[in-house]
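Let me begin by presenting the structure, written as structure tokens, before commenting on it.
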Amino acid sequence: MPTHLFCPLRSCFTSGLHCRGKEEPVPTALAQVDREKIYQWINELSSPETRENALLELSKKRESVPDLAPMLWHSFGTIAALLQEIVNIYPSINPPTLTAHQSNRVCNALALLQCVASHPETRSAFLAAHIPLFLYPFLHTVSKTRPFEYLRLTSLGVIGALVKTDEQEVINFLLTTEIIPLCLRIMESGSELSKTVATFILQKILLDDTGLAYICQTYERFSHVAMILGKMVLQLSKEPSARLLKHVVRCYLRLSDNPRCRAREALRQCLPDQLKDTTFAQVLKDDTTTKRWLAQLVKNLQEGQVTDPRGIPLPPQ
């Protein structure tokens with residue numbers, strides 16, 4: 001599997017949003033030649049005969065061309081061509097017949113859409129066009145084959161690039177869609193990397209006050225999130241992953257911030273024992289941030305707890 005498939009996740013979660021980052025100056029002549037090639041590849045996206053190579057070349061260049069996203073968005077027919085690449089894959093989802101070649105090609109298209117999603121000049125229009133919804137059928141897939149796993153992972157990368165910006169309009173948009181149950185399903189049964197990205201997306205939604213209020217608004221929403229997080233903790237106790245655990249603990253901590261006493265009481269009752277004892281002591285020995293979050297979580301759940309005159313917490317009624 002080509003290494004460039006990993007680039008969407010790497011650019012989104014480890015090295016920042018490269019589509020709008022500052023680049024090192026390059027010689028003018030070389031820059032002009034490169035830009036001419038960029039223009040050529042963008043034009044070639046409109047033709048089915050030349051599109052596949054253009055997708056590959058542009059996906060490689062997207063981190064070194066700061067204004068690629070506006071160029072893609074404002075050029076005639078380009079976004080339609082990218083969406084056509086996505087829609088063309090739908091018949092291969094059910095029944096699951098997606099090949100590695102098909103997965104590579106559509107992931108290159110998704111990488112360009114992630115670039116558009118990341119850029120401040122194109123993000124609002126990207127959301128207004130409801131383009132993320134075209135990716136949701138990919139997140140619904142459950143096949144464990146590598147082509148499907150890369151497809152889900154790259155699709156999650158687009159959503160991850162959106163939430164990474166911490167823009168209110170992104171959270172408002174996502175809350176009108178089914179992204180939370182989709183992420184929860186991947187958190188429960190996906191690969192470790194997919195679980196990590198899906199949990200990161202949920203964490204970003206929770207860190208927004210509107211997102212936290214939405215999830216804690218009904219018992220069904222809250223209990224579904226708490227149940228999946230609990231399953232993840234149990235699994236992590238058997239197969240540790242410090243990176244994934246960090247996101248899980250941050251989600252729990254944010255849930256404990258909810259001012260509604262009933263939500264906090266419910267969380268107090270369902271918090272896994274593994275987060276209260278020394279199960280993860282070895283995994284977190286060098287992670288001071290997550291250890292601090294975990295200590296704060298326990299403290300939050302102890303505050304306001306009803307006690308009898310001897311100071312012993314009373315059982316829930």
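The values are calculated or read from the model by the stated rules, or taken from the named source; none is laboratory data. Quick caveat: nothing in here was measured; it's all calculated off a predicted structure. We place every Cβ from the backbone using ideal geometry, glycine too, and count neighbours over all the protein chains shown. For the accessible areas, the whole protein counts, side chains as well, though only heavy atoms, and no ligand, DNA or RNA atoms are used. Shrake-Rupley method; radii C 1.70, N 1.55, O 1.52, S 1.80 Å.
Condition check for Glu36 on (1) in a helix (DSSP H, G or I); (2) at pLDDT 95 or above; (3) over 19 Å from Pro132 (Cβ atoms); (4) more than 21 Å from the chain's Cα centre (by Cα): one failure, at (2).
Condition (residue is modelled with pLDDT of 95 or more, outside the structural domain of Thr278 (by the TED database) and open to solvent by 50 Å² or more (accessible area, probe 1.4 Å)) applied to segment 179-187: is it met by at least one residue?
yes
Every condition in (1) surrounded by fewer than 16 Cβ atoms within 10 Å (Cβ to Cβ); (2) farther than 19 Å from Lys299 by Cα holds for Lys276 except the one numbered (2).
If you check Gln274 against the conditions, is it out of contact with any helix residue (DSSP H, G or I) (no Cβ under 9 Å at 6 or more places or on another chain), more than 28 Å from Leu162 (Cα to Cα) and in contact (Cβ under 8 Å) with a residue 24 or more places away in the chain? Answer is no for this residue.
Every residue, every condition in (1) at pLDDT 95 or above; (2) among the basic types (Lys, Arg), yes or no:
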{"position": "Gln217", "(1), (2)": "no, no"}
{"position": "Glu220", "(1), (2)": "no, no"}
{"position": "His224", "(1), (2)": "yes, no"}
{"position": "Lys246", "(1), (2)": "yes, yes"}
{"position": "Cys261", "(1), (2)": "no, no"}
